[in-house]
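The values are calculated or read from the model by the stated rules, or taken from the named source; none is laboratory data. As the structure is a computational prediction, the values presented were derived from the model and not from experiment. Counting neighbours? That spans all protein chains shown, and the Cβs are built from the backbone with ideal geometry, glycine included. Just so you know, the surface numbers come from the protein's heavy atoms only, side chains and all, with ligands and any DNA or RNA stripped out. Shrake-Rupley method; radii C 1.70, N 1.55, O 1.52, S 1.80 Å.
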Amino acid sequence: EPEIDPEPEAPVAEEEATEAPEDAAEAPPPVAVDVEVTGEAAVEPAPANETNATNATIKTPGVSMVPDLEEGDVEEEAKPKKVINYASMDAGAVVLESSAASKGFGNLLLDDKDKYGITECGERKFVVVGLSEDIRITELVLCQYEKYSSMVNDFELLGSQTFPTKEWLHLGTFAAKYGQREQTFEVPEPKYVRYVKIKFDAHHGDEPSCTVSQIKIHGITVMAGMQDDLQRHQKELEAQMDSIGDELSEEDPAGDAEDAGLETEAEIDAPPDAPDEPDAAA
């Protein structure tokens, strides 16, 4: 009998080869990444649809600031503002003029209790001090520490925007008490001045020499004064707005609405106006 050849088997390798492209088609294509070569480790950039939480900043309008205190912490009390002595060499003040019989009046700008300015009590006594900037003077401090001398009693404070000048703005007349101490005198009507003149008119004691240890001037600069004025005007405006709001709240809006509703109903129920009759001549 003739030999029958067996049926040929399906080529397995070809099926695998044909299936391979199908698997390859399902895989996503590789993503090309541009990497700059800087000598450092390359970092793959984050996808565009992801948010970088590290650099994200959330701003919420209308939120007030609050102190960052942990449980049990005590909020520190506000420290008092440092008072600046504008009549000191450290602040840029200089003695521009003094009475001819006076000596050592440059010491009035130093914070040294062992130094002073001295003048024969019967002579004319004054000093002119130039400040480093325009100051609205609120206080003058007179310091007297010398034991064996007469001390200032009555004195006058003058101010000016220019120097030299023959016209001075009168800031106040004061009377000091007898004793080795610092005495503070408030200026009744503070004004902005650049130069101050202090005239020592009378003294305590019978010693032939009159001494002054130091003078201090406290006040407000132009910039600080503008900020204070702005804050004061803002508070006044807020108070006026609150007052207007209180007056409006006292009115009866419900009654006004009811009256408006009645008027609307009356207009609806009213009969329409009759049309005008034509003229007989027409």
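Data table
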item: The listed residue being in contact (Cβ under 8 Å) with a residue 24 or more places away in the chain, in contact with a helix residue (DSSP H, G or I) (Cβ under 6 Å, 6 or more places away or on another chain) and in a strand (DSSP E or B), out of Ile198, Ile215; result: Ile215
item: Filtered residues of segment 168-190 (kept if at pLDDT 95 or above and acidic (Asp, Glu)); result: Glu182, Glu186
item: Boolean, Lys115 is open to solvent by 80 Å² or more (accessible area, probe 1.4 Å), basic (Lys, Arg) and free of Cβ contacts under 8 Å to residues at least 12 places away in the same chain; result: no
item: Residue, surrounded by the most Cβ atoms within 10 Å (Cβ to Cβ), within segment 169-179, restricted to residues that are in contact with a strand residue (DSSP E or B) (Cβ under 6 Å, 6 or more places away or on another chain) and either without any contact (Cβ under 8 Å) to a residue 12 or more places away in the chain or not in a strand (DSSP E or B) (or both); result: Ala176
item: Residue in segment 129-139 that is closer than 16 Å to Ser102 by Cα, outside any loop (DSSP other than H, G, I, E, B) and either in contact with a Cys (Cβ under 6 Å, 6 or more places away or on another chain) or open to solvent by less than 40 Å² (accessible area, probe 1.4 Å) (or both) present; result: yes
item: Of all residues in segment 180-193 being touching a residue at least 40 places away in the same chain (Cβ under 8 Å) and not in a loop (DSSP other than H, G, I, E, B), the one that is least open to solvent (accessible area, probe 1.4 Å); result: Val193
item: Candidate set: segment 143-168, residues that are without any contact (Cβ under 8 Å) to a residue 40 or more places away in the chain and buried (at least 17 other Cβ atoms within 10 Å of the Cβ); chosen: the one farthest from Val193 (Cα to Cα); result: Trp168
item: Residue within segment 221-236 that is open to solvent by 80 Å² or more (accessible area, probe 1.4 Å) and in contact (Cβ under 8 Å) with a residue 12 or more places away in the chain present; result: no
item: Lone unmet requirement of (1) of a type in the set (Gly, Ala, Ser); (2) within 15 Å of Lys216 (Cβ to Cβ); (3) surrounded by fewer than 18 Cβ atoms within 10 Å (Cβ to Cβ) for Gly104; result: (2)
